[in-house]
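Novice: This is the structure I have questions about; it appears just below.
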Amino acid sequence: MNIILGSKNLSKRRSIEIALNEMGITEYTIKCIDVPSKVSSKPIDEEILLGAQNRNIALMNYCQKKQIDYDLLISLEGGYEQIENNYFIVTYADIFTKDWGRFIGKSQGLQISKKMFEWVKNGKSLNEVIETIIGIEGNKTKSGITGFLSNGKYSRDEFDASAVVMALTAMKNSEQYLKLDRKIWEK
């Protein structure tokens, strides 16, 4: 399986590898191409999914222009979500197949405080604050915010992989979706 990732971020690549392994997919190559998300560096709410979709559209255009063959285009975008007075870190995965199928996955959400959410909403970085606490630079591409907040239990790679698993699940089981849709239509 020939996979093109819409980012050169090694953490995102590791996330895809984790997800593929979890889905039992062992024969693959991943090529990383940096494409823009066209959203803020700390996307909030709908902007998160839009960022993943924008990356895949740019990636598809790039692959068509350069005549790059692929089986899957995968783009990830992480960000912050507010639901009423609750705040979360989430990741979306957007997958395009070579036959124009599109599948979206969303990670579990890790709750953050209102103070953290407001910090990010004001354009500031939680990773920079974490780096001062742990004394190590580059936290964003290492354990990430989720790794810090879960005390190492869920690294960014594992957290983001759950979004890819959900998108791959929808892709691999599309017949189940059709069966359920047909049954609903009959009722």
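Coordinate-derived values only; no laboratory data. Model, not experiment: these values are computed from the prediction. Methodologically, a virtual Cβ is constructed for each residue, glycine included, from the backbone with ideal geometry; neighbour enumeration extends over all protein chains shown.
Novice: To the nearest 20 debye, what is the magnitude of the charge dipole of region 2-186 about its Cα centre, counting +1 on the Cβ of each Lys and Arg and -1 on the Cβ of each Asp and Glu?
Specialist: Details: 25 positive and 24 negative charges, 54 e Å.
The dipole magnitude comes to about 260 debye.
Novice: Here's a follow-up. Work out from phi, with θ = phi - 60° and the Karplus expression 6.51 cos²θ - 1.76 cosθ + 1.60, the ³J(HN,Hα) of each residue of region 115-121, listed in order in whole Hz, and give x for Gly and Pro.
Specialist: Working through the residues one at a time gives 4, 5, 4, 5, 4, 5, 4 Hz.
Novice: Also: Could you tell me what percent of the DSSP beta bridges with both partners in the chain are antiparallel, to the nearest 5?
Specialist: Values: 20 of 28 bridges.
Of all bridge pairs located within the chain, approximately 70 percent are antiparallel.
Novice: Tell me the chymotrypsin sites (Phe, Trp or Tyr not before Pro) within region 23-80 that lie in a loop according to DSSP and have at most 14 other beta-carbon atoms within 10 Å. Before the final figure, lay out each step's value.
Specialist: Details: sites: Y28, Y62, Y70, Y80; in loops: Y28, Y70.
Within region 23-80, the qualifying chymotrypsin sites (Phe, Trp or Tyr not before Pro) (loop, at most 14 other Cβ atoms within 10 Å) are Y28.
Novice: For each pair in K8/K65; K31/K172; K42/K106; K142/K172; K65/K172; K12/K98, compute the distance between the two Cα atoms and list the pairs where it is over 24 Å.
Specialist: Working: K8/K65 19 Å; K31/K172 21 Å; K42/K106 17 Å; K142/K172 29 Å; K65/K172 28 Å; K12/K98 21 Å.
Listed pairs above 24 Å: K142/K172; K65/K172.
Novice: Restrict the search to region 103-187; then list the GluC sites (Glu not before Pro) that DSSP places in a loop and that have at most 14 other Cβ atoms within 10 Å of their Cβ.
Specialist: On the way: sites: E118, E128, E131, E137, E158, E175, E186; in loops: E137.
Passing sites in region 103-187 are E137.
Novice: Shifting gears a bit: I want to verify the translational diffusion coefficient of the chain in µm²/s; compute it with Stokes-Einstein, Rh as the Kirkwood radius over Cα pairs, at 37 °C and 0.692 mPa s.
Specialist: Values: Rh = 17.2 Å.
Translational D for this selection: 191 µm²/s.
Novice: Most exposed first by the Cβ proxy, i.e. fewest other Cβ within 10 Å, how do C63, C32 rank? Before the final figure, lay out the partial values.
Specialist: On the way: C63 19, C32 15.
Going from least to most buried by this count: C32, C63.
Novice: When the helices in the chain are scored as -39500 (n - 2.57) per DSSP H run of 4 or longer and the sum is shared across all residues, what 222 nm value do you end up with, to the nearest 500 deg cm²/dmol?
Specialist: Numbers: 7 runs with 87 residues, N = 187.
Theoretical 222 nm ellipticity from helices: -14500 deg cm²/dmol.
Novice: Mind listing the phi-derived Karplus ³J(HN,Hα) values for region 161-168, rounded to whole Hz, using 6.51, -1.76 and 1.60 with θ = phi - 60°, and x for any glycine or proline?
Specialist: 4, 4, 5, 5, 4, 5, 5, 5
Novice: Once Lys and Arg get +1 and Asp and Glu get -1 on their Cβ, which of W100, F148, L126 lies farthest toward the positive end of the dipole of the chain?
Specialist: The residue sitting farthest along the positive end of the dipole is W100.
Novice: Under 8 Å for C-alpha pairs, at least 6 residues apart: give me the relative contact order for region 2-186, rounded to a whole percent.
Specialist: Numbers: 325 pairs, mean separation 41.4, N = 185.
Reported relative contact order: 22 percent.
Novice: Tell me, what ³J(HN,Hα) does each residue in region 169-179 have, in order and in whole Hz, if you take phi through Karplus 6.51 cos²θ - 1.76 cosθ + 1.60 with θ = phi - 60° and put x for Gly and Pro?
Specialist: 4, 4, 5, 6, 10, 4, 5, 5, 5, 5, 4
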